[in-house]
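The values are calculated or read from the model by the stated rules, or taken from the named source; none is laboratory data. Note that the structure is a prediction, hence the values are computed from the model and not measured. So basically every Cβ, Gly included, is an ideal-geometry build from the backbone, and we count neighbours across all protein chains shown. The area values use the complete protein model at the heavy-atom level, side chains included, leaving out ligands, DNA and RNA. Shrake-Rupley method; radii C 1.70, N 1.55, O 1.52, S 1.80 Å.
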Amino acid sequence: MAATQQYVYPDQDEIRIEAVLAALADPVRLDMVRQLAQSGTEISCSGFDVAVTKSTLTHHLRTLREAGVIMGRQQGTARYNSLRRKDLDELFPGLLQGVLAARR
């Protein structure tokens with residue numbers, strides 16, 4: 001497992017389709033992934049527009065990170081998250097594009 005400070009996420013060859021699909025199946029997590037995809041850059045933990053508590057947001061971020069959908073890094077007191085689009089596109093061509101294009 002690769003680590004950035006306290007963040008742990010799978011290396012590309014450890015990402016499994018079952019974990020990715022399970023992570024994306026939750027509407028809140030899917031919305032977060034859409035926000036990351038639309039931003040095209042990192043989003044801080046407090047920068048997500050979701051109606052959940054801080055602890056629930058932390059849970060969703062951990063689930064996405066452990067599934068290999070996002071990466072996280074710490075900078076000072078801020079935590080930033082980015083979509084692992086390149087890794088996911090290489091492993092599962094068209095999956096992320098299809099999921100992001102799906103009707104809500």
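Residues in segment 72-83 that are of a type outside the set (Ser, Thr, Tyr) and within 19 Å of Asp31 (Cα to Cα) were compared, and the one that is surrounded by the most Cβ atoms within 10 Å (Cβ to Cβ) is Leu83. Examine segment 29-37 for a residue that is without any contact (Cβ under 8 Å) to a residue 12 or more places away in the chain and out of contact with any His (no Cβ under 7 Å at 6 or more places or on another chain), and state whether such a residue exists. So far as segment 29-37 goes, no, none of its residues is without any contact (Cβ under 8 Å) to a residue 12 or more places away in the chain and out of contact with any His (no Cβ under 7 Å at 6 or more places or on another chain). Quick one: would you say Gln97 is part of a helix (DSSP H, G or I) and either open to solvent by 80 Å² or more (accessible area, probe 1.4 Å) or in contact with a strand residue (DSSP E or B) (Cβ under 8 Å, 6 or more places away or on another chain) (or both)? Taking the combined requirement at face value, the residue satisfies it.
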